Structures are given as structure tokens and as C-alpha cells.
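The values are calculated or read from the model by the stated rules, or taken from the named source; none is laboratory data. A quick note: this is a predicted structure, and the numbers were derived from the prediction, not measured. Methodologically, a virtual Cβ is constructed for each residue, glycine included, from the backbone with ideal geometry; neighbour enumeration extends over all protein chains shown. Calculation scope for accessible area: heavy atoms of the full protein, side chains included, ligands and nucleic acids excluded. Shrake-Rupley method; radii C 1.70, N 1.55, O 1.52, S 1.80 Å.
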Amino acid sequence: MNSLQELQAIIKSKDNFTKFVINSEVPAVCKNEPCMLGVDEAGRGPVLGPMVYGVSYCPLNRKSILEELGCADSKALTEAKRDEIFTKMLTEEDSLNNVGWAVEVISPNYISNSMYRRAKCSLNEVSMNSAIDLIKKAAESGVNITEVYVDTVGPPEKYQTKLSEIFPSYKITVAKKADSIYPIVSAASIVAKVTRDHALKVWHFNEGLQLDHTEFGSGYPGDPLTKKFIRDRIDNVFGYPLLVRFSWSTAELMLQEKAAACTFEDVDDPGKGKSKSTKTISSFFTLKTEDSKPRKRHKFFEERHLSTCTDFD
């Protein structure tokens, strides 16, 4: 991959119903020399679009390359500047030979289903699992990781302890605003943010909607375009398209207000409201009375001369 257009093409080829990983080639130097790896995310708070976790890594003695690229907190950079830095990472020789990266694009549907399933998985758990998996994948691909820097999710001390238990051989540092402190985390932040931006630009609506990304905005609840999308693009029966994180309170409240109400049968009161002709499951396992009509035995039992036995003494 050597352009943002190729990044878009790869994203378009993936299924936006679940999650997927995109990664660079591992520079040879990263397999031989001790490396630092940074972890950060983009799109944790929006009601629309995926959350993207990113990692970036390079040798410990090549930190200057990240500074020359202009790696800083992606939120403090303009979209054009982030695109420019990521393009340099994809094309400039120094970056290609020394800096590697990977992202996991986690769909809105995957996030909401995780939070709503019977064994609930919080957004923090989804985030931590993604970060852990990306670190493992980098190590499995041959990156010689010795130091890991992570922008925290929740209390940094607790998160750092958890990562240290999983990766005891690495020096782990988890901090608030790590993307503005450590250039390697800044690089991961930029990769994640650029990937999310372009995932929104090429979003394919499986529901058949013909919409451009400029019609639904950034995805953040405060964005006027996003507010309009949430208000206007709701189906009374099927709710929202897969672009929407339906577990977010912004979407939940609108569904309660505009979607058709559903009434479920009261399954806790077995006798209430049931037809007399309706049989319960347990009735099929009770003994028949003498007055009841005998059922014809299945051919399987007749051919083998099998009979019912209720006495096991």
C-alpha cells in the first residue's frame, strides 16, 4: 500500500458488518533491533461509524524519524495534516524502512452487539481486547517489541497492571493523553484517525441507501449533520442502518420515540392468556391415562421389538 486511495480500496473490500485488520509490511530492522510500540484509538465516542484501534512501532533509536514526520496528537492536527503524515509513512523511504503499523476497524454493529449480548462486553473491554490482539499480532509477525506505550482506557494503573501480566517481558507504560506525550503513540493515533476518516468516506450501506459521507457528518453526537441523520434516517420497524451504534443513548432515545412499539408475551405466567388447546412442553413427557387414545409406535421401535421400560430395578 502506498496511497490513501489504496487504503480506501482495501476498506471497501472488507465486510463492514464485523471487524477486520489492515497492516503494513514489517520493516526488516524492526525484526532485529529492539522496538517501541504505541497504541491508540479513534472514534470511541461517535454514534456513527467504526472505532479504529491502531498500533505503530519502530526501533528505539529511530525516534527522530517520528518527530521529523510531525507525529503529534491526531486530535490537534487538521484532517489534511493527518493525511499528509500518513501518506509520508506509506511512501517515504525512511518511514518504510523503519516504521510499521496496523489497525483494527471495529464496526458499529460489532460494538453494539457486544454491549447488548447476554454476557455483556463493555466498550472498555472491546477496546482493551483490540489493543491486546494488535500487540500480539505485531509480536507474531516478528516485531522485536521491548517497550509498549498505551493511551489509557479507564484508570491507567489498572490497565497497565493487566497488560504487564499478559506481556511480562515488555516494559509497559499506560498514561492519560499518551498521544500527546509519546511520538510512537502519536503515530498510532494518526494511523487510527486517518483510517476511520476514510472508512466513513467509503462507507457502503448494505440497506441500499445512496448517501455521501458529507450527508451524515463526523458521527459525533454534537455534529448537526449527524443529529439530522439520526433524526431522519430511522425506519419504524427495522431501526437504523449498520452505520449507527444502536447501543448509544442518542440512538436508543430516538428509537423509543419514533420506532414502532413492541409488546412481548408474558412468559413468566404460564396460565395467563393461553388457549386451552395449546399444549405445554411438559405435557409431552407425562404418562397417558387409560382413557387416552394410544399413539402408534414408530417403525424403528417395532422392527427392533423394543418396549418401554419404567422400572430400572
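Between the beta carbons of residue 204 and residue 139, assuming R0 = 35 Å, the FRET efficiency works out to 0.60 to the nearest 0.05. For the stretch 1-130, place one equal point scatterer on every Cα, skip the solvent, and apply the Debye formula. What is log10 of I(q)/I(0) at q = 0.17, 0.18, 0.19 Å⁻¹? Log-scaled intensity ratios, in q order: -0.98, -1.08, -1.16.
Ranking 10, 89, 50 by Cα position along the charge dipole of the stretch 1-92, where only Lys, Arg, Asp and Glu carry charges on their C-beta atoms, puts 50 farthest toward the positive end. Within straight-line reach of residue 296, meaning a Cα separation under 18 Å, sit the following lysines at least 8 residues removed in sequence or on another chain: 288.
Which entry is the computed Cα extents along the principal axes in Å for this structure: [x] 98, 57, 34; [y] 116, 57, 46; [z] 92, 55, 38? Recomputing Cα extents along the principal axes in Å here picks out [z].
Scalar couplings 3J(HN,Hα) for the stretch 87-101, obtained by applying the Karplus form with A = 6.51, B = -1.76, C = 1.60 to θ = phi - 60°, are 4, 4, 5, 8, 10, 6, 4, 4, 5, 4, 7, 9, 10, x, 7 Hz; x denotes Gly and Pro.
Output the relative contact order of the stretch 107-194, whole-number percent, from Cα pairs under 8 angstrom with separation of 6+ residues. Over the stretch 107-194, the number comes to 22 percent.
Multiplying the residue separation of residue 81 and residue 20 by 0.36 nm and subtracting their alpha-carbon distance yields 19.4 nm.
Once the C-beta distance of residue 93 and residue 118 is scaled by a Förster radius of 41 Å, the resulting FRET efficiency is 0.20 to the nearest 0.05. For the pair residue 249 and residue 2, label points projected 7 Å from Cα toward Cβ lie 5.0 nm apart. Pair-distance distribution of the stretch 159-242: all C-alpha pairs, bin width 5 Å, starting at 0; shares per bin in whole percent are 3, 12, 14, 16, 13, 10, 10, 11, 9, 3, 0. Each Lys and Arg Cβ is given +1 and each Asp and Glu Cβ -1; about its Cα centre, the chain then shows a dipole of about 1120 debye. 3J(HN,Hα) along the stretch 213-226: 4, 5, 8, 10, x, 7, x, 7, x, x, 6, x, 5, 5 Hz, from the Karplus curve 6.51 cos²θ - 1.76 cosθ + 1.60 with θ = phi - 60°, whole Hz, x for Gly and Pro.
Exposed loop sites are taken as GluC sites (Glu not before Pro) in a DSSP loop (any state but H, G, I, E or B) with at most 15 other beta carbon atoms within 10 Å; the longest stretch of the chain without one runs 93-206. The HN-Hα couplings worked out from phi for the stretch 111-119 by the Karplus form 6.51 cos²θ - 1.76 cosθ + 1.60 (θ = phi - 60°) are 4, 5, 4, 5, 6, 9, 5, 4, 8 Hz, whole numbers, x standing for Gly and Pro. Cβ-Cβ distance of residue 64 and residue 261, R₀ of 41 Å, FRET efficiency by 1/(1 + (r/R0)^6): the value works out to about 0.10. Taking only the alpha carbons of the stretch 174-223, we obtain Rg and Dmax values of 14.8, 43 Å in that order.
Here the Kirkwood formula, the inverse mean of 1/r across different C-alpha pairs, assigns the stretch 56-113 a hydrodynamic radius of 13.0 Å. Taking the Cβ of residue 51 as the center, what net charge do the other residues with Cβ under 14 Å away carry, scoring Lys and Arg +1 and Asp and Glu -1? Summing Lys and Arg as +1 and Asp and Glu as -1 gives -2. Projected label points at residue 306 and residue 231, each 7 Å from Cα along the beta carbon direction, are separated by 6.6 nanometres. Expressed as a whole percent, how much of the Cα-Cα distance distribution for the stretch 99-255 exceeds 19 Å? Considering the stretch 99-255, 63 percent of its Cα-Cα pairs are separated by more than 19 Å. When the residues 18, 152 are ordered by accessible surface, computed with a 1.4 Å probe over the protein chains alone, the sequence from largest down reads 18, 152. Per-residue ellipticity at 222 nm computed for the chain from its helices equals -11500 deg cm²/dmol, with DSSP H segments shorter than 4 residues left out and the rest contributing -39,500 (n - 2.57). Computed from Cα atoms, the angle from the helix 183-201 axis to the main principal axis of the chain rounds to 60 degrees. Counting only DSSP beta bridges with both residues in the chain, the antiparallel share comes to about 70 percent.
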